[in-house]
Amino acid sequence: MIFAGIGKKSELEERYADAIQKNHPMLRTEMIPTGWCSWLVYGPEVSAQNIYDNLAAIKRQGLELKYVQIDDGYQPYMGDWLSAADSFDSGVKKLRLTIKEQGFEPAIWAALFIAEEKSWQDTIRQRTDYMYI
């Protein structure tokens, strides 16, 4: 991110932080959200089986988590947020349902303003409501 302004760096940073807080106030929650995220273990090399295995281990160990997050790697390319990679051969929907059946809340990662060139053709054709060139 690049931004420009006139004045002391610390004052510009403070004004920028104030603008973020005004337009995107911090969410307050009663409970601290707890969960497991595939990125921290597998990064973009995650598979559905990795998540099933970890889900079973979390359940077996009785960890009191709320969320199980499927992070980067479930999609074939950045931008194909509605498709599943080959390593998710059963798709994401079955995995999401299994997470819920095990008593957890499924969460999924997406970066809606990123699209790799390999995903652009299908993404542009299917999602003209959010993809502008």
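Summary table below
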quantity: Subset of segment 64-76 [over 14 Å from the mean Cα position of the chain (by Cα) and within 14 Å of PRO44 (Cα to Cα)]; calculated: PRO76
quantity: Count of segment 53-112 residues which are in a helix (DSSP H, G or I), polar (S, T, N, Q) and within 26 Å of ILE32 (Cα to Cα); calculated: 3
quantity: Residue satisfying condition, being farther than 17 Å from GLY91 by Cα and either in contact with a strand residue (DSSP E or B) (Cβ under 9 Å, 6 or more places away or on another chain) or at pLDDT 95 or above (or both), within set TYR16, TYR67, TYR74; calculated: TYR67
quantity: Matching residues, segment 38-54, being under 17 Å from TRP109 (Cα atoms) and either of a type in the set (Lys, Arg) or touching a strand residue (DSSP E or B) at 6+ places or on another chain (Cβ under 9 Å) (or both); calculated: SER38, TRP39, VAL46, ALA48, ILE51
quantity: Residue, nearest to ALA111 (Cα to Cα), within segment 71-100, restricted to residues that are in contact with a Pro (Cβ under 7 Å, 6 or more places away or on another chain) and of a type in the set (A, V, I, L, M, F, W, C); calculated: ALA85
quantity: Residue count for segment 33-54, restricted to those that are surrounded by 14 or more Cβ atoms within 10 Å (Cβ to Cβ), out of contact with any Ser or Thr (no Cβ under 7 Å at 6 or more places or on another chain) and of a type outside the set (Ser, Thr, Tyr); calculated: 5
quantity: Condition broken by ALA57, with the remaining ones in (1) exposed (fewer than 15 other Cβ atoms within 10 Å of the Cβ); (2) hydrophobic (A, V, I, L, M, F, W, C); (3) at pLDDT below 95 satisfied; calculated: (3)
quantity: Residue list for segment 18-35, filter: of a type in the set (Gly, Ala, Ser) and more than 17 Å from LYS66 (Cβ to Cβ); calculated: ALA19
quantity: Those residues of segment 38-71 which are hydrophobic (A, V, I, L, M, F, W, C) and free of Cβ contacts under 8 Å to residues at least 40 places away in the same chain, in sequence order; calculated: LEU40, VAL41, ALA56, ALA57, LEU63, LEU65, VAL68, ILE70
quantity: Complete set of residues in segment 14-44 that are assigned to a helix (DSSP H, G or I) and over 15 Å from ASN54 (Cα atoms); calculated: GLU14, ARG15, TYR16, ALA17, ASP18, ALA19, ILE20, GLN21, LYS22, ASN23, PRO44
quantity: Some residue of segment 103-118 being more than 14 Å from the chain's Cα centre (by Cα) and closer than 24 Å to ASN54 by Cβ; calculated: yes
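The values are calculated or read from the model by the stated rules, or taken from the named source; none is laboratory data. Small disclaimer: the values here were computed from a predicted structure and weren't measured. Virtual Cβ from ideal backbone geometry, glycine too; neighbours counted across all protein chains shown.
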